[in-house]
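Data first, discussion second: the structure below is written as structure tokens.
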Protein chains: 2
Amino acid sequence: MSFVIEDYLKEAACEVEQAMDKLLPSGKERMFSRHAGLESTGLLIESMRYSLFAGGKRIRPILALATVETLGGNRQAALPVACSLELIHTYSLIHDDLPAMDDDDFRRGKPTNHKVYGEAVAVLAGDALLTLAFQVLSQVEMPQREKELLQLIRILSDASGYAGMIGGQMADIQAEGKQPDPQTLEFIHRHKTGDLLRAAVQMGAVFAGANEQEILHLTLYAMNLGLAFQIQDDLLDVEGNADQLGKSTGADEAHGKLTYPSLFGLEESHKKLNETTQQALSALNHLPHDTTVLREIANYLLTRVN
Amino acid sequence: MSFVIEDYLKEAACEVEQAMDKLLPSGKERMFSRHAGLESTGLLIESMRYSLFAGGKRIRPILALATVETLGGNRQAALPVACSLELIHTYSLIHDDLPAMDDDDFRRGKPTNHKVYGEAVAVLAGDALLTLAFQVLSQVEMPQREKELLQLIRILSDASGYAGMIGGQMADIQAEGKQPDPQTLEFIHRHKTGDLLRAAVQMGAVFAGANEQEILHLTLYAMNLGLAFQIQDDLLDVEGNADQLGKSTGADEAHGKLTYPSLFGLEESHKKLNETTQQALSALNHLPHDTTVLREIANYLLTRVN
């Protein structure tokens, strides 16, 4: 039986969603409470869950799980660690969609969080998902391996902080409408999307007990994968199908966003996409493990349509 | 020489500010970079520092340090732990002040973050300060005591998450303009302000290696202190002096906020303030340590004018 990446991804996404469902208890029973305090907590949880379960590829948690699996680690036990990445990713989407930021009304074909719950709740739901990532990580059971658990928290917080993902988003909003320059484009991509994808692979590696050499090669894989992912994202906004994407195309250009196609043109962007994907795959050659899953994920992301 | 609480607080606040200054490197040198990506990180850091160093009593970190000191722990080593509380507190103020939330133009006599840097940057600066709290904690040096460090991360993330501080803020914005009810008022206060003050004392206790009994009594102290703190806050908004407060009074009433004076009247609120302060002090009687500092902090908060 041959390996079918689409089936693997679907199954892994399902696992991640089940795990997330347990991490954030539904607020439903609280909603019927006559006590306004608990009622509002119920609404907060509902808004957090609305965005958390609004679909999405779950690519960050899946990358973490695939890395654990590749290195022979305990995939099941790594689920909460993997979920923490999706919590961070989801919060960043909620805040990025706010009127003061990208002002997006739709995300994955559904109204964005603030369109449903209002801006105030959307800000708080984002804050709460961010915080939940660290609540979850700090409660992971890793007996005798507390040092590694702290390292996971360090990787995630650094990758998503001011010098990581948030720094990338900041550069992105500051660059809108400005003269394009390749250094800034690379900075935005490396941090806004790249850092969290890299963190996913590194966290999987640390969880599985990888050595320094293994972490190094996996980091190279992840950094190139992240870059390829973002170039493809930019290309899909120009060449993609709005129905498949679940959002309108051409949004980047309308916002005056700095993108690969706008800076290098379509042909050069496609070339760069292929190059970085090849570099991601080459990094895996240095690992003694069966890296089929990580390879297939890279190939899948290269050819994705949404 | 007698103990003067004002001097103690001033000195401790200074220590906390020096420690925070080291935790978040000034972005100045980056601001002169010609690379737009780094330039925007510089601006992000500047906005984070703007709110972080906009004054404030630093009561949360000071409570943590005072608890460490009371239990005979290493006060100096606890500084980063103490600072993580102020990072969380500061982010919550930035987000609470946003137009979609409380829509405040001034805080401690200075324009709020979004008035200076715009809403988008204010959202990101808040996110980045929240994340920095966990970056800082995950890097604290506690050799052989990684379990306790994880416990600190658990206490802080739980206290500031959806069932803690954010849940309190959510209840607060949901309650605006609604029929007042004591249960909801208590819920808001316990979580919005109380949880982080409690976390401060608990984190200090865990850092200093307190046993379960000690943590229990200190938690009772902190919970009552937190309630007293919030009642006093409500009272100051009615009876306070705008110049001393650094913000206009009567804002709660204008916003239709649920407060102690609005629900119980001034006389009853003062009575409640005295009662909870007494309960905070009584809890300290069960500790075999010299609790002068913690007592003086409670008395100071009772009589504060801003």
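The values are calculated or read from the model by the stated rules, or taken from the named source; none is laboratory data. The structure presented is a predicted model; accordingly, all values stated were derived computationally and were not measured. Using ideal geometry, Cβ is built from the backbone for each residue, glycine included, and neighbour counts are taken over all protein chains shown. SASA here: full protein model, heavy atoms, side chains in, ligands and nucleic acids out. Shrake-Rupley method; radii C 1.70, N 1.55, O 1.52, S 1.80 Å.
With a 10 Å cut-off around each Cβ of A:95-102, the average count of Cβ atoms from other chains is 4. Which of A:Gly226, A:Gly194, A:Gly42 moves the most in a Gaussian network model of chain A with Cα springs under 10 Å? Among A:Gly226, A:Gly194, A:Gly42, the largest GNM mean-square fluctuation belongs to A:Gly42.
Computed with a 1.4 angstrom probe on protein heavy atoms, the A-B interface buries about 4700 square angstrom of accessible area in total. Among the residues of region A:140-156, those with an accessible-area drop of 30 Å² or more from chain alone to full protein complex, heavy atoms and 1.4 Å probe, are A:Glu146, A:Lys147, A:Leu150, A:Ile153, A:Arg154. The spacing between region B:135-208 and region A:128-155, judged by their C-alpha centroids, is 17 Å. Just to be sure I understand the model, the point goes 7 Å from the Cα along the line to the Cβ. What's the resulting B:Val116 to A:Ile215 distance in nm? According to this spin-label approximation, the distance is 3.7 nm. When trypsin sites (Lys or Arg not before Pro) are flagged only if DSSP places them in a loop and at most 12 other Cβ atoms lie within 10 Å, the longest unflagged stretch of chain A comes out as A:35-177.
Copy-to-copy label distances for B:Lys178, where each label lies 7 Å from Cα along Cα-to-Cβ, are 4.3 nm in order of increasing length. Do any residues of region B:157-189 lose at least 30 Å² of accessible area when the full set of protein chains is present rather than just their chain alone, and if so which, with a 1.4 Å probe? At a threshold of 30 Å² (probe 1.4 Å), the residues of region B:157-189 that become less exposed are B:Ser157, B:Asp158, B:Tyr162, B:Ile166, B:Met170, B:Gln174, B:Gln183, B:Thr184, B:Phe187. Kirkwood's formula applied to the C-alpha pairs of region A:5-303 gives a hydrodynamic radius of 19.8 angstrom.
According to the Cα-based calculation, Rg over Rh for region A:159-231 is 1.06, with Rh computed by the Kirkwood formula.
When A:Asp290, A:Asp105 are compared by accessible surface with a 1.4 Å probe, the order from highest to lowest is A:Asp290, A:Asp105.
Charged side chains reduced to their Cβ positions (Lys and Arg at +1, Asp and Glu at -1) give region B:5-303 a dipole of some 680 debye around its Cα centre.
If you take the Cα centroid of region A:69-94 and the Cα centroid of region A:216-292, the two points sit 21 Å apart.
For the protein assembly as shown, the fraction of 1.4 Å probe accessible surface lying on carbon and sulfur atoms is 49 percent. Of the chymotrypsin sites (Phe, Trp or Tyr not before Pro) found in region B:48-118, those that fall in a DSSP loop while having at most 13 other beta-carbon atoms within 10 Å are B:Phe53.
Each Lys or Arg adds one and each Asp or Glu takes one away; over the other residues whose Cβ falls under 15 Å from the Cβ of A:Glu146, this sums to +1. Placing +1 on the Cβ of every Lys and Arg and -1 on the Cβ of every Asp and Glu, with nothing else charged, gives region A:83-204 a dipole about its Cα centre of roughly 320 debye. Considering only B:Leu197, B:Leu220, B:Leu38, the Gaussian network model of chain B with Cα springs below 10 Å gives its largest mean-square fluctuation to B:Leu38. Largest to smallest in accessible area, the residues A:Met223, A:Met203 fall in the order A:Met223, A:Met203 (1.4 Å probe, all protein chains included).
The average projected area of region A:114-160, computed from the convex hull of its Cα atoms over all directions, is 3.8 nm². Magnitude of the charge dipole for the protein assembly as shown, about its Cα centre and with charges confined to Cβ atoms of Lys, Arg (+1) and Asp, Glu (-1), is about 740 debye. Going from the isolated chain to the complete set of protein chains, region A:121-137 loses at least 20 Å² of heavy-atom accessible area (1.4 Å probe) at A:Val121, A:Val123, A:Leu124, A:Asp127, A:Ala128, A:Leu130, A:Thr131, A:Phe134, A:Gln135. Just checking the listed ones, B:Thr291, B:Thr249, B:Thr41: in the Gaussian network model of chain B with Cα springs under 10 Å, the one fluctuating most is B:Thr41.
The calculated P(r) of the protein assembly as shown, using every Cα pair and 20 Å bins from 0, goes 20, 53, 24, 3, 0 in percent. Starting from the Cα of A:Lys178, draw a straight line to each of the lysines and keep only those under 24 Å, dropping any in the same chain fewer than 8 residues away. Answer for A:Lys178, where 24 Å is the Cα cut-off: A:Lys192, A:Lys257, A:Lys272, B:Lys28, B:Lys115, listed by chain and number. One compactness figure for region B:101-206 is 1.28, namely its Cα radius of gyration divided by 2.2 N^0.38 Å. Computed from the alpha carbon positions, the gyration tensor of region A:226-306 leads to an equivalent ellipsoid with semi-axes of 27, 14, 8 Å, biggest first. Run a plain Debye calculation on region B:18-154 (Cα atoms as equal point scatterers, no solvent) and give log10 I(q)/I(0) at q = 0.11 Å⁻¹, rounded to two decimals, same order as the q list. Listed by q, the Debye log ratios stand at -0.44. Per residue, region B:5-303 exposes an accessible area of 40 Å² to a 1.4 Å probe, with every protein chain left in place. Dipole orientation for region A:5-303: of the candidates A:Leu38, A:Thr90, A:His191, A:Leu38 has the Cα lying most toward the positive pole (charges on Cβ; Lys, Arg +1; Asp, Glu -1).
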